[in-house]
Structure formats: C-alpha cells, structure tokens
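Peer 1: Below you will find the structure I want to go over with you.
The values are calculated or read from the model by the stated rules, or taken from the named source; none is laboratory data. Predicted model only: the values in this text are computed from it and were never measured. Because the Cβ atoms are built from the backbone with ideal geometry, glycine has one as well, and the counts that use them run over all protein chains shown.
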Amino acid sequence: MSKKIWNIPSQPPHDFYLCLDVDSYFDYEHNPEVIFDNGFTRPIPLSGRDILVTIFFNGDVDTPEFTVKAHEALSKTEQSEADTVIRRILGTDLDLAPFYEQAGDDPVLGPAFQELYGLKRISRAHFFEDAVNRIIQTQIKHKPTAKKMVYGVRTAYGTRLESDNEVIPAWPRPQRLLTADPVSMKKHGLSLRKGEYLTGLAYELLYGRFTSQSMERTDTQSPSDPPDNARKESGNTQSVLHAIEKMPPRELYERLVAIRGIGPTTAQDLILFRNRTDGYFASHMDRGREKAVRRWIILSYGGDPDHCDEAAFREMIRYWDGYEAAALEFLYVNWVISEKRAAGM
C-alpha cells in the first residue's frame, strides 16, 4: 500500500489562501474560515471508489506545496489517481508566471495582479462535477440555498464517506444520475426541468455527443431509457472526461450549448474551469443586447457591450491570448473582493 500522506508541489506563484475569500469555490459542507487551520476536506473520485482527503497549504507563494492526507490507505495506483484529481482541483499545474509578464500593461488586470499575486482558481474534480454544480445553481440567487440543493443531490446519489464522526457525500457519478428519477429530485429543491437536465447530461457524457462512437438515438429513446448495452460502456467515462479536458475551447463550447440545460454562460464557465489557461468567449446577442460572459468583460473595460464588434473586443483582451481562463478568474475574484469591501465584510 502507498502512504496516506504525500506532498504536491505547485507551479509558482500560487497563493491558495486567496481562494478563501471566494465562496463559490467551496461547497455546502465547507467553512472557509476554518480551512486555514483545519485544511480543505473533500471527496475525491477514483476509478474504483470514492475517498476523502484533507489538503493543507504550506503558505509559501513562491515555493508552494500542498500536503495531502487520505482518510484511508490507498494503493499506489489510487494515490496516483488522487494526485491527478487534486492537481486539477487546485490548479497546481497551471503556470501563470508568463501571464503576469504578458498582461502587466493590461489596464484592468495589471493593477489586480499586485493584490491577487498567486491566485489560481479552485474547480471541482472533473467536468461532470463542475457541470452538475453549475446546472443546479443556475438562476438561484440565494447561494447558500443553491449549495444546499447541490448537497442534497450528492447525498441522494453519491457515496457516503465517513470520517471523524462526520458523513460527507461524494459527488454522483454519471452512471448513477442516468437512472435517477427527475421527479425525486424535487425533494432537494430542484425543478423537474433541472432534474431532466442532469439525467440528460449524464446520458450525453456516457453515450451521447461526447463519446468517441456516439450512438444514434431513436425518437423513443431518452436519458431514462438507455441502450441495452449502456452499462457495459460505463468504463469509458474516464477517457471521455480526459478528452473533454483536452478539447479546444471553441469546439467544447459548441458541443456544450447543444446540450439541453446548458446555455452560453454555463458553457463558457465550464470551459474555464478546466486544467488549462485558455478559453473562449462567444458573442451571444439577444434582442440587440450582448449576453453571457462577454458582456461582463466588455463592461469591465469601460465598453458598450451592445455595440462592440469582434475587432474591438479582441483589442480589449489583447493581453489575454492563451490565458483567457486565468484572466477572467482575476476579473471575477477582483470583483468578489471589491463587493465584500463595499459591504464592509
């Protein structure tokens, strides 16, 4: 068996503690105020089972390292799997040092770099977790309620993991949500439509538009009525998730917006959560008004989003090239901290 404790170095600079000001990075069971002392505990999906780990940051922005403590013994293969997942969650492989140099003269990002030096986003374990979280929370203004709804779905359809007299539910896997009844999700606050979005997403991931050999559906097939050999193909999930991680941003965006329940804003967000620095911001005009993430970017640079052509937009983000995901995260966290200050927090 492998050790229960190991270290993961991160590409510098990396200041994990900056993330503690961003509530959206954490889930219902987390209290950012105690993570500094008690560590960051969360479930980790492995190919054969789910486990719990607690992660501690060494506090050194220029020589960053995380210590991982598994709550049970792991094999060497399992530790390697967990290591890969944790690196995605924490963004340890993201090298943003060239971005600081490239975008130092950016009128919006440049000033933010000094305060947010070492910022890297926190994501979920993989695309499916990110998507489930995003779909459930969309259009729910009261975020504590939205997080509780996500936690309810995890409790109902994820593995129960026990540690220190506490039970933390893992995130549901696509195979489990595929056969879930959308009506039963109402008890967790989800509408019937959102329940259908989740089961539909599981279907697409397992045998739909993300698989290498997509199955042709008939008019009578639905996410709750998978092909006879669907269960035999569930072993392809890891390879599909890996392929999504490697997919060019624009291609992934176009696939995502074709899925029921994923609109332009959600699609763009899901692209940016991946373990890479690039992204794509499509124009989405609705009744003469720019929507989605692009609108917010243009407003941040003092532009008129409803009258900003492609050339003008590209000029605004000329320092972002290859680092679109990282750049937007700096804008977002800068806004979060500004809002908290304005509220006296």
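Peer 1: Within the stretch 185-204, restricting attention to residues that are of a type in the set (Ser, Thr, Tyr) and modelled with pLDDT of 95 or more, which residue is farthest from the chain's Cα centre (by Cα)?
Peer 2: Filtering first and then ranking leaves Ser191.
Peer 1: Please enumerate the residues belonging to the stretch 257-274 that are assigned to a helix (DSSP H, G or I) and either among the aromatic types (Phe, Trp, Tyr) or within 14 Å of the chain's Cα centre (by Cα) (or both).
Peer 2: Result: Thr265, Thr266, Ala267, Gln268, Asp269, Leu270, Ile271, Leu272.
Peer 1: If the Cβ limit is 8 Å and pairs must be 6+ apart or interchain, which residue in the stretch 11-38 that is in contact (Cβ under 8 Å) with a residue 40 or more places away in the chain pairs with which residue that is among the acidic types (Asp, Glu) and outside any helix (DSSP H, G or I)?
Peer 2: Sorted first by the residue in the stretch 11-38, then by its partner, the pairs are Gln11/Asp93; Gln11/Asp95; Pro12/Asp62; Pro13/Asp62.
Peer 1: If you don't mind, there's one more thing I want to ask. Considering every residue within the stretch 150-162, establish whether at least one is modelled with pLDDT under 95 and either of a type outside the set (A, V, I, L, M, F, W, C) or within 30 Å of Ile5 (Cα to Cα) (or both).
Peer 2: The answer is yes; a qualifying residue exists.
Peer 1: List pairs: first residue in the stretch 309-324 and in contact (Cβ under 8 Å) with a residue 60 or more places away in the chain, second residue among the aliphatic types (A, V, I, L, M) and not in a helix (DSSP H, G or I) anywhere in the structure, Cβ distance under 9 angstrom, at least six positions apart or on different chains.
Peer 2: Tyr319/Ala103; Trp320/Ala103; Tyr323/Leu96; Tyr323/Ala103; Glu324/Ile317
Peer 1: Determine which single condition Glu290 fails, assuming it passes every other condition in (1) under 18 Å from Trp320 (Cβ atoms); (2) surrounded by fewer than 21 Cβ atoms within 10 Å (Cβ to Cβ).
Peer 2: All conditions pass for Glu290, except number (2).
Peer 1: So which residues in the stretch 205-236 are of a type in the set (D, E, K, R) and either in a helix (DSSP H, G or I) or at pLDDT 50 or above (or both)?
Peer 2: Correct list: Arg209, Arg231, Lys232, Glu233.
Peer 1: Residue under question is Phe128, and the condition is that it be assigned by TED's automatic domain parsing to the domain that holds Lys194 and not aliphatic (A, V, I, L, M); does it hold?
Peer 2: So Phe128 fits the description; yes.
Peer 1: For the stretch 2-18, enumerate the residues that are in a helix (DSSP H, G or I) and either of a type in the set (S, T, N, Q) or in contact with a strand residue (DSSP E or B) (Cβ under 9 Å, 6 or more places away or on another chain) (or both).
Peer 2: Phe16, Tyr17, listed by residue number.
Peer 1: Please return the ranges of helices (runs of 4 or more DSSP H) entirely within the stretch 75-147 where 3 or more residues are touching a strand residue (DSSP E or B) at 6+ places or on another chain (Cβ under 6 Å), closer than 21 Å to Asp62 by Cα and basic (Lys, Arg).
Peer 2: Because the criterion is at least 3 residues that are touching a strand residue (DSSP E or B) at 6+ places or on another chain (Cβ under 6 Å), closer than 21 Å to Asp62 by Cα and basic (Lys, Arg), no helices (runs of 4 or more DSSP H) in the stretch 75-147 meet it.
Peer 1: In addition: Look through the stretch 297-306, keep the residues that are touching a residue at least 12 places away in the same chain (Cβ under 8 Å) and not in a loop (DSSP other than H, G, I, E, B), and return whichever of them is nearest to Asn334 (Cα to Cα).
Peer 2: By that ranking, first place goes to Ser300.
Peer 1: Count, please, the residues in the stretch 9-30 that happen to be under 20 Å from Pro43 (Cα atoms) and in contact with a Ser or Thr (Cβ under 6 Å, 6 or more places away or on another chain).
Peer 2: 0
Peer 1: Any residue that is under 30 Å from Gly200 (Cβ atoms) and either touching a helix residue (DSSP H, G or I) at 6+ places or on another chain (Cβ under 6 Å) or buried (at least 21 other Cβ atoms within 10 Å of the Cβ) (or both) - is there at least one of those in the stretch 300-318?
Peer 2: No, that holds for no residue.
Peer 1: Tell me yes or no: at least one residue of the stretch 115-129 is touching an Asp or Glu at 6+ places or on another chain (Cβ under 9 Å), small (Gly, Ala, Ser) and under 30 Å from Pro9 (Cα atoms).
Peer 2: Looking through the stretch 115-129, at least one residue is touching an Asp or Glu at 6+ places or on another chain (Cβ under 9 Å), small (Gly, Ala, Ser) and under 30 Å from Pro9 (Cα atoms).
Peer 1: While we're on this one: Can you tell which of Gly59, Gly110 is without any contact (Cβ under 8 Å) to a residue 60 or more places away in the chain, touching an Asp or Glu at 6+ places or on another chain (Cβ under 9 Å) and surrounded by fewer than 17 Cβ atoms within 10 Å (Cβ to Cβ)?
Peer 2: Result: Gly59 is the single residue among Gly59, Gly110 that is without any contact (Cβ under 8 Å) to a residue 60 or more places away in the chain, touching an Asp or Glu at 6+ places or on another chain (Cβ under 9 Å) and surrounded by fewer than 17 Cβ atoms within 10 Å (Cβ to Cβ).
Here is a yes/no grid of residues against (1) basic (Lys, Arg); (2) buried (at least 20 other Cβ atoms within 10 Å of the Cβ); (3) under 24 Å from Asp21 (Cβ atoms):
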{"residue": "Leu116", "(1), (2), (3)": "no, no, yes"}
{"residue": "Arg124", "(1), (2), (3)": "yes, yes, yes"}
{"residue": "Thr138", "(1), (2), (3)": "no, no, yes"}
{"residue": "Pro144", "(1), (2), (3)": "no, no, yes"}
{"residue": "Val150", "(1), (2), (3)": "no, yes, yes"}
{"residue": "Tyr157", "(1), (2), (3)": "no, yes, no"}
{"residue": "Arg160", "(1), (2), (3)": "yes, no, no"}
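Peer 1: Something else about it: Could you check the stretch 78-107 and list, in sequence order, the residues that are in contact (Cβ under 8 Å) with a residue 12 or more places away in the chain and among the hydroxyl-bearing types (Ser, Thr, Tyr)?
Peer 2: Thr92, Tyr100
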